[in-house]
Structure formats: structure tokens, C-alpha cells
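What follows is a set of notes on a single structure, which appears directly below.
The values are calculated or read from the model by the stated rules, or taken from the named source; none is laboratory data. Keep in mind that this is a model prediction, so the values were computed, not measured. When we count neighbours, we look across all protein chains shown, and the Cβ atoms used for this are built from the backbone with ideal geometry, even at glycine. Ligands, DNA and RNA are stripped out before the accessible areas are found, and what is left, the full protein with its side chains, is counted by its heavy atoms. Shrake-Rupley method; radii C 1.70, N 1.55, O 1.52, S 1.80 Å.
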Amino acid sequence: MHQIAPVVEVEDARSPGPVVIENIEPQLECGRFAIKRIVGQGVTVEADVFRDGHDAVAAVLYVREAGTRKWHEVPMEFLDNDRFAASFEIARPGTHEYAIEAWPDPFASWQQAVSKKRAAGQTLALEIGEGRALLGESIARATGSTRERLAAAVAALDALGDDDSRVAAMLDEQLAALVSRAPDRAAATRVEPPLRIDADRRAAQFAAWYELFPRSAGDEPRKHGTFADVERRLPDIRAMGFDVVYLPPIHPIGHAFRKGPNNSLEAGPADVGSPWAIGNENGGHTAIEPALGTFDDFAHLVAAARANGMEIALDYALQCSPDHPWIKEHPEWFDFRSDGTIKYAENPPKKYQDIVNFNWSGPHRRSLWNALRDVVLFWSERGVATFRVDNPHTKPFAFWEWMIAEVRAKYPDTIFLAEAFTRPKVMNQLAKLGFAQSYTYFTWRDTKEELTEYLTELAETKLAEFYRPSFWPNTPDILPPYLQTGGRPAFRIRLALAATLSSLYGIYSGYELCENAALPDREEYLDSEKYEIRVRDWNAPGNIKADVTALNRIRRENAALQDWRNVTFYRADDDEVIFYGKQSGDNVLFIAINLDPLAARDPVLWLPTGDYGIPDDEPYAIEELLGQTKHEWRGSPHRWRLDPQLNPAAIFRLTLPNESHGPGSPGPGGIGGPRRPDLKRDSK
């Protein structure tokens, strides 16, 4: 029979065991990846901290900016069931570290034991001497004003004439607080290595994006637009309420295998090709297509965007036209076939004859990776702080983790958006590796059940710690069937969903004009702007610019719409109507949207009035923000008509009764974390 060896030898187990620290939240995969937060946002860290027996423990949270030596201590407070917590606020963007240290607390243990004996009426003469000795040890460890105050407190209790008075003085909370400033940490346990937080500026969590092709920004058909034309469009874009103007690649476009209209393989002499086929005799990833303008023109555009309260985001596409200068200068960075021809990109059944990919794992990858990092740094030096990354899932994970860390070490404000419509675990991994924002499956989630299930996953699972979802109803690559068949109401519905379900959303230009002409049986635009210049009348009849403007204004004015993790779904007595609430402090919104673009609906909406302490027979104030109407309601159920031609969505703002913050609300600080019963929400 096998004998089971003891974990430790008896001789090694004569003293009490170390303090245990476990179940730390938040953290991501035992600290392998950083959680994400926003500058100015509070972070609450919790852990189970305990030891064998009944003795008390103390714990602190250590916090510092990565790369610095000094830790800042935040005392952890006992919650219940051996659970401790501490909070801190992130002051600057970049990577931050946090760790927990805990140790036995003999004076707190003494106070607990003496309190019980005192309540039981027991004699405490010996205990007084033991406590007095612990105080003397604390004085010996203390320094500065803490030592002076402790010594004065002990001298005062020594002067007391009876044991009852001394015990009362030694049980005083203020004395315990002084003792806690001079702890004995000889037997401390510390979590190593530290856990990490990636802190981003606010635009990483709350922003509205507008994508446009600069070459289509002019007003003459077939005439190539310029940066100056984009600049003239900025006031109109800002008037609609957008924060980010995203430009597809602005670099020279290759001639070899240039694509013609509708992705045809035959391009005429006037065809402009796909801007994602980067590079020709005028340069590559650090050059500008001459027809767009000069570097001075680009700098003027960046400054003009800032003057309009917006920023310019650039596309970061890691592929080359066969004409890219790098192919001659660095052939070792590319894959060549056995016949000596260079291998073009494919994603069967799609073929991209006009671009070639890099050899990511070749012997010269170090110089390749450095060059690709330097592309981002080149544009960062020219005022670009946000990059939309094309197809990151087709490049090595290791590259992204390294490159993003390298760039953010120099430019911590930099935001990377991952354009990866691929398998969920791959999309999640990219977010963990450092992408601040991510495209999502929202584009194809149409029904009430699909949307509810998807948003619950994004908001209430571990995804909320690292995956910031950006909702796009359309992109230059994707015109989903719902928009193709639902007409103008479909565009209004999907806009309202994107703008209110997520704090990050974007549209590709032409959306506000309800453009929905598609290639037969495809999710792609007919006469796609990816391959030709499209000049538009931006005030054409039937546009929904008023919807865009109103929704962006409401987003800016209501903190409840500036996070995606605070969504709660409520009852609506119609399968075609989705009804949900969002809250940040005393800002409480309820949103109802008709998902049927073809028919009006008259649902009964069940407001959670009981959760907000509102009796059924008492009136409460409701304001519908899109229609700008005010109402006095009673009770929970209310019928509201949602007509896709007139008002497919309604946004209700509730005026809370005094001293009510609603179900589980953290109060005016707002909501900043996953909604799990064992984890406090962070405050903004």
C-alpha cells in the first residue's frame, strides 16, 4: 500500500501558517494579461485574505505606474467572509501595476479577544499587560509623528487609575488606527508578480467614429478629393456629433494588378484602385498619395480636426502592393513561390491579387517588426493618436503584444482598434494583447434574442475586463442584409441600437444617406467606394442626419450612455421590441426600439419602478429625449407606439426620487465594472 507523504515535516510546522491571499479580482488569467480601465476611473481590488486559527490579519494594496520604483499603499478594508477591498483612481494613461501584501495583526487579534472576554465579564489583568507589551513594540517600530502620537497615547493610558478605563482606552478605534501605521510585516505574504492595468484616455471607452474616403470628399464627379476637401467637410461631421474621423489608407496605391470598379481584375487608366494596396514609386507606409496633398496639408487637416473638437484616425494595414519600395529594398521580408514570383494574399474564396503579405516568421523578422513599429511611430509624431488596424487576426499575436507595448511606452495616449471579424477566441485574444477597442458581431445581431444574449455576454462576463466593443452597423466591406432590405427605417433602427447599446460606435459615410445598393447575393456594396470615387450630395432628401445628431447629443449629455457594461434588459410585451435600461449614478435611461423596419408596434413597456422605490400610486417624471416630450406617469406598465417611419426608438429619462440610486447603483460615481455579485463595481 502506498503511503501519502505529509506536505510539510512536523518540525517545520511549529509556527502558525502564512497569511493566504487568493481569489483576487479583478485580474485576467492569473495576471498574464492586463485588465483595461480609463483614466479618472476608480478601480476596486478585492481578495480573500485569511490565516489558520482566529487571529486577525491586515492587508494593503500596492499601486504604481509600470517602470517606476515607488509603490503607493492603500489600506484594505474588511468586507465580510474574509473578503478585503481597496480602491484607487488612475491618474495617467499607460500601464499600472497592483499587488497585495498581508500579515498577521497581533494587536487587532488582541482587541478581538479582549472584547469577547470583557463582554463575558472575565478578569483582564494579564491581557492588559499583553496588550501593553504589543503597544510598546508598535512604538519601537513607528517613526515620526506616528511614534510621537503612539507614545502619548500609551502614556495617557498608563496614567489611568483602573483596569476598566485602561481596557476601554486600549480598545479605542483611534488607537488601533495608530498601531496599524507601524505594523510588523516580518511574516508578510505578498502577491508576486504584480497584476497589471492598461489605462487609456476616455476616448477609448466613449467615442463616435465617422469613416470617410478622402478621395471622395470633393464635389466634382470622378475628380480626386484632397485633404483640403476633407477639411471642408469637418464642420458638418462635427455638427452631427462625431468625435473621430477615420481615414482608410492615405498612402500611394500600387499599379500592378490594380482593381477596377466592383473589384474587377481589369482597371482602366483612370481607375484609382484600392487604398489597401499600399505602395508605388512615390513611397509606402510613410508616404502620402500625391493626389491627396502634402504632409503640410495633412498637418493642417489634423489641426483643423482638433479645432473642431475631433481627431483623425488612420488605417494601419500591414500588406504591400507588388510595387511597394520594400519589395526591392527588403525582399527578405516577403514570401516568394518556387517559380520566383511573389505570393499574393488570399482568403478563399476571396483573392487579393493587388497585395502581398509579409513573411512574419522568417530569419529577418526583427528588422521587419521594427520597421512596422516605426510606421506607427512615424504617424504618431505627426499628431495621430488613434489607429484602426486592418485584419490583425491574420498577423502574429506576438507582434501585436510587442508592437502595441513599444508604441504606448512612448505615446501612452495611443488607441488601437482591432478590425477582426473572425472567431470569438481570436478576437478576445487580440483585445487581451493590447487593442483598446474591438469590432464586434453586432453587425449581424438583428433579433431581440440575439441582441440580448450578445450584450449580456459583453457586459456581464469576464469580457468586460478587457474587451471594449465598437458597434458598426456598416463598413466599406459589409452591407448586411438587414440594411439591404429594410429601407430607411432599418438605418434608423440600427443607428439607435449602436449608439445606445455601446459607448463606442461608428458609421461608414453614406450611412446617413441610407445607401443600400448591394451586389447580388452579397453583403457588399454595389459600386464600392473601395475601388472608385463616390461624390455625394450630403443633404440629399431622405437623409437621417437629424437622427445621428440627436443621438450623439443625447450620448454626450447622459453619462448612462458612456459605458456598455451597465445595460439591463426589461420586459416589453412584443418580440419585435427590445427594451433596456442604463444607469450612471442618478442618470437613469430606458430605451425602447422597434426592430421591425416594416411595421409599427404598440408594446407595453414594463419600467422597473419598484427597483427605484417608486410606489405604484405615486407619480414620477419621465422625459422622452428623442421627441423632447415630458410626462407624468404612475406604475410600471406603459404603452408606447414605435413607428419605423416616424419614431422607431424612444429614450426615456427618469427623474429619480430623492435618495434613490436604483438597483445596485454605486451612486453618482457611475458604473465601471462587470456586474457580478462577488465583485464591487468600479466608480468613475
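Points worth noting:
- Gly53 meets the conditions (1) open to solvent by less than 80 Å² (accessible area, probe 1.4 Å); (2) of a type in the set (Gly, Ala, Ser); (3) at negative phi in every case but one. The failed one is (3).
- Screening Arg382 against (1) outside any helix (DSSP H, G or I); (2) out of contact with any strand residue (DSSP E or B) (no Cβ under 9 Å at 6 or more places or on another chain); (3) open to solvent by less than 10 Å² (accessible area, probe 1.4 Å) leaves a single unmet condition, (3).
- Single condition Phe334 does not satisfy, out of (1) at pLDDT below 95; (2) open to solvent by 40 Å² or more (accessible area, probe 1.4 Å): (2)
- Total residues in region 161-186, condition open to solvent by less than 60 Å² (accessible area, probe 1.4 Å) and part of a loop (DSSP other than H, G, I, E, B): 3
- Any hit, region 364-374, residues being at pLDDT 95 or above, among the aromatic types (Phe, Trp, Tyr) and over 18 Å from Pro249 (Cβ atoms): yes
- Top-ranked residue in region 596-617 [being among the acidic types (Asp, Glu) and under 21 Å from Asp446 (Cα atoms); ranked as least open to solvent (accessible area, probe 1.4 Å)]: Asp596
- Residues that are open to solvent by less than 10 Å² (accessible area, probe 1.4 Å) and either part of a strand (DSSP E or B) or closer than 18 Å to Arg494 by Cα (or both), drawn from region 552-562: Asn552, Ile554, Arg555, Leu561
- Comparison of Ala313, Ala277, Ala270 shows that the only residue that is within 16 Å of Arg258 (Cβ to Cβ) and buried (at least 23 other Cβ atoms within 10 Å of the Cβ) is Ala277.
Listed here are the residues, each with its yes/no results for (1) over 12 Å from the mean Cα position of the chain (by Cα); (2) open to solvent by 50 Å² or more (accessible area, probe 1.4 Å); (3) not hydroxyl-bearing (Ser, Thr, Tyr).
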{"position": "Asp198", "(1), (2), (3)": "no, no, yes"}
{"position": "Arg202", "(1), (2), (3)": "no, yes, yes"}
{"position": "Arg215", "(1), (2), (3)": "yes, no, yes"}
{"position": "Pro221", "(1), (2), (3)": "yes, yes, yes"}
{"position": "Val230", "(1), (2), (3)": "yes, no, yes"}
{"position": "Arg233", "(1), (2), (3)": "yes, no, yes"}
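- From the list Phe399, Phe435, the one residue that fits, being among the hydrophobic types (A, V, I, L, M, F, W, C), open to solvent by less than 20 Å² (accessible area, probe 1.4 Å) and in contact with a strand residue (DSSP E or B) (Cβ under 6 Å, 6 or more places away or on another chain), is Phe435.
- Residue among Glu77, Glu89, Glu73 that alone is open to solvent by 70 Å² or more (accessible area, probe 1.4 Å), on the phi < 0 side of the Ramachandran plot and touching a residue at least 24 places away in the same chain (Cβ under 8 Å): Glu89
- Test: residue in region 364-376 that is β-branched (Val, Ile, Thr), part of a strand (DSSP E or B) and either within 28 Å of Thr440 (Cβ to Cβ) or open to solvent by 10 Å² or more (accessible area, probe 1.4 Å) (or both): no
- Here is the figure for region 582-632: residues that are more than 20 Å from Arg494 (Cβ to Cβ), in a strand (DSSP E or B) and not acidic (Asp, Glu) total 14.
- Evaluation of Asp446 against the conditions (1) without any contact (Cβ under 8 Å) to a residue 60 or more places away in the chain; (2) assigned to a loop (DSSP other than H, G, I, E, B) shows that the sole unmet condition is (1).
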